[in-house]
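Quick note: the coordinates plus some simple rules give every number you see, no bench work behind them. Not measured: the values here are computed from a predicted model. Here the Cβ positions follow ideal geometry from the backbone for every residue, glycine too, while neighbour counts run over all protein chains shown.
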Amino acid sequence: MENLFLLKLEIIIFFMSLFYVIYYMSWKIYETYFKVKSVIIKEEISNVKTALNKVDLTTKEKNYKKEKNTKQLTDEEINQLTEILKRVKNNSSKGYFDTAKWLIIEWLSIDKFNKDLNLELANIYIKEKNYQNAEIIYRDLLEVIKDDTDLYKKIAYIYAMQWKLDLALDNYIKVHRKKPADEEVINMLCEITYDLKDFKSSLKYINQYLKFKPRDIDKMNMKAVCYEEARDFKDAIDTHKRILELQPYNTVSRDKVRELSDFI
């Protein structure tokens, strides 16, 4: 009987010890998880509309000319910023967008108008398809960095992605005036004016684009439509014939040549 009692006691002690170990390990895992979470996600990142919401861009007179666009950083800060940008790009490339955002936001408190930091943040928003936030960043940057064709090009793209075609067109035209040979800009001008049914302007940009890529069938089709809309049927037919030289089995152009011939 005594041996049976000791056996039962040992079993009870064993299960009590096991329960304590399980409880202790569970508590440590729980505690570690929330410590890590509090470091990585200090608050809901979705509530951070843009890093520049910490920047007062509504001064009484908005006298940006008197304010330097970027802070004069010390050599140590420049080295730290270089390292931060590397970490931001590394996290962003791996899809760790929240971590990258917090690195950016913390550094914007030191250099709020830093172009590289803001562009990285806007790039993250674009990857997340949050075009509205990217637009806010570009607009705010353009308030303090004047006549930056790279920024005009970026905000034009964002407007286009949100189907704000008139705004996109205005900004692409600004870039085109300064960089008339920018193939990407000319391509976007072709597409936007065509979507806006401004066929006269579209034809102008399409002809510019075809100087870079004379065998682009899509642009040739657009060119033919522009001529047809202008009731310039002869040039529309000639354009379709050029398409048939490149694509002899293009049934659309073949039918168009036959159809438009009746109007000449």
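With r as the distance between the Cβ atoms of residue 90 and residue 249 and R0 = 41 Å, compute the FRET efficiency 1/(1 + (r/R0)^6) and round to 0.05. Mind showing how you got there, number by number?
Details: r = 49 Å, r/R0 = 1.19.
About 0.25, to the nearest 0.05.
For labels at residue 115 and residue 218 in the simple 7 Å Cα→Cβ model, what's the distance in nm?
Once both label points are built, they end up 3.0 nm from each other.
Net charge near residue 210, counting Lys/Arg +1 and Asp/Glu -1 over other residues with Cβ under 9 Å of its Cβ? Please report the intermediate quantities before stating the final value.
Values: positive: 211, 213, 215, 219, 223; negative: 216.
It works out to a net charge of +4.
What ranking do 176, 240 get, fewest neighbouring Cβ atoms within 10 angstrom at the top? Don't skip to the end; give the middle numbers.
Numbers: 176 21, 240 26.
With the sparsest Cβ surroundings first, the list reads 176, 240.
Compute the Cα gyration tensor for the range 167-210, then decide on rounded, prolate or oblate, letting a ≥ b ≥ c be the square roots of its eigenvalues: rounded whenever a/c is under 1.5, prolate when a/b is larger than b/c in the other cases, and oblate in all that remain. Spell out each step's value before the answer.
On the way: a/c = 2.01, a/b = 1.21, b/c = 1.66.
Note, shape of the range 167-210 comes out oblate.
Dipole of the range 215-259, Cα-centred, from +1 at each Lys and Arg C-beta and -1 at each Asp and Glu C-beta, to the nearest 20 debye?
120
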